[in-house]
Amino acid sequence: MRCTVRSARTLCLAVVAVTFLMLQTAGAETIARCGKGWLEEINGYPVLHLKGTPYEIGYQHGALLRESARQNLEHIVNGEGSRQLIEFGPIKVTPRDAILSILTIQRPHVPQKYFDELAGLAAGSGMELQDVQIGNFIPELFHCSGFALMNSATQDGTLYHGRVLDYATDWGLQNHAVIMVCEPEGGIPFVNVTYAGFIGSVTGMNAEHVSIGEMGGGGLGHWQGVPMAFLVREGLERGKTLDDVLTIFRENPRTCEYFYVVADAKTNEAVGMEASWDVMEVIRPGEAHPLLPSPVKDCALLSAGSRYEELVRRVEAGHGRFTAETAMKLMERPVAMKSNLHNVLFEPKTTRFWVANAGSDGSPAAEQAYHAFQLSELLKRKPDADAEVVPFRAAVKPGTPVSRATSRAPVTIGD
């Protein structure tokens, strides 16, 4: 057999790919099934497979993560959401009250499929529909960072998309972290790096090799549009290309002030974007902006203040040599804040991604180990045939309790 440099390199890549998949699935265990959906743990990390109509997806989510979804949403809605934190002149209202008003304003802008999914989530989890809706309409005020490196910036031209989520580690969301592998009827399959009980997305990648990460800003009070987390979902479910995603954001009414990094490995390009209630602006790699004054060739870098300066310094220092391993190091402190809830690195071309979550004690995700996954492989997986079945009750009225005896989903999942 003739051995060339090319064939040796191909063999090496094949070995690496096989090893990656073996490591990823070696510790997999099916927990339960419900309808077309199922829950498994891969090396201790919960992975929820959802498939079907919006109501079916919501019901599977609620039934298979019943206890975790209930704990997470009830803490946010009736715990954090009951505190008097918002003042309008002499009037004090709770976040719960504020969200009920915001929900009324935003309802006309939200596709019906998301209300159907929330109805399924309420039915499957046994929660009150209003509580589920409030929990999913809480405004996301994240202070985050994001980047995309491609072409001359990386060792072999591979596009890497990093996403740093900084938000309220003291709320305990990290204890309910879950990977959701969604196959919506009529939509593009995608992965959502999220938390039990939430149907929106702030961090995700689809099977068309498109990834999206969000960063929050200001602009409170501008609620007349599609909630940010549902807008990201639309991008993942319908965006086959970078331009598709930009069109979705451009053509829908938006809320508050939000920034995004969107990447498309098919063309090996990525952009930074502001898509606020009154602004739609796209920043191409290497372009300067008043808020991003230090552009780097073949890079889209979004952050703020000293964190942005440190991110730029790190990228300039490693430019041309980045691999997945070294790209993950860009998300270390202080680019990540103390309130670093999760970090994710996407490699959209292969659909590989790496996820780190904050510790249960609130320690930053940047200080935790990464879990490796691959969307294309997750979409091929099947549940164990003898796994417990949680009944799917299509006719259940939203809000009707489901017997606790029907679910073995762990009370607390995640770290």
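The numbers here are math on the coordinates, done by the rules we state, and not lab data. This is a predicted model, so every value here is computed, not measured. All Cβ positions, even for glycine, are placed from backbone atoms using ideal geometry, and neighbour counts span all protein chains on display.
A few points about this structure:
- Net charge of Cβ neighbours under 10 Å - reference Lys266; Lys, Arg +1; Asp, Glu -1: -1
- Alpha-carbon radius of gyration plus Dmax, which is the widest Cα pair, for segment 273-391 in Å: 18.1, 58
- Look at the dipole of segment 311-351 built from charges on Cβ: of Thr326, Met337, Thr350, the Cα furthest out on the positive end belongs to Met337.
- Rounded FRET efficiency, nearest 0.05, which uses the C-beta distance separating Lys349 from Arg284 and R0 of 22 Å: 0.65
- Highest to lowest packing among 266-275, 316-325, 201-210, 240-249, scored as the average C-beta count within 10 Å: 201-210, 266-275, 240-249, 316-325
- Here the dipole of segment 145-267 is about 80 debye; that uses its Cα centre as origin and unit charges on the Cβ of Lys and Arg (positive) and Asp and Glu (negative).
- The distance between label points at Lys240 and Thr94 comes to 4.7 nm (points 7 Å beyond Cα on the Cα→Cβ vector).
- Put simply, when 37-47, 383-393 are sorted by average Cβ atoms within 10 angstrom per residue, most first, you get 37-47, 383-393.
- Computed E for Ala394/Glu128 - FRET, C-beta separation, R0 25 angstrom, nearest 0.05: 0.80
- Pair Thr104, Gln224: separation of 7 Å Cα→Cβ label points (nm): 1.6 nm
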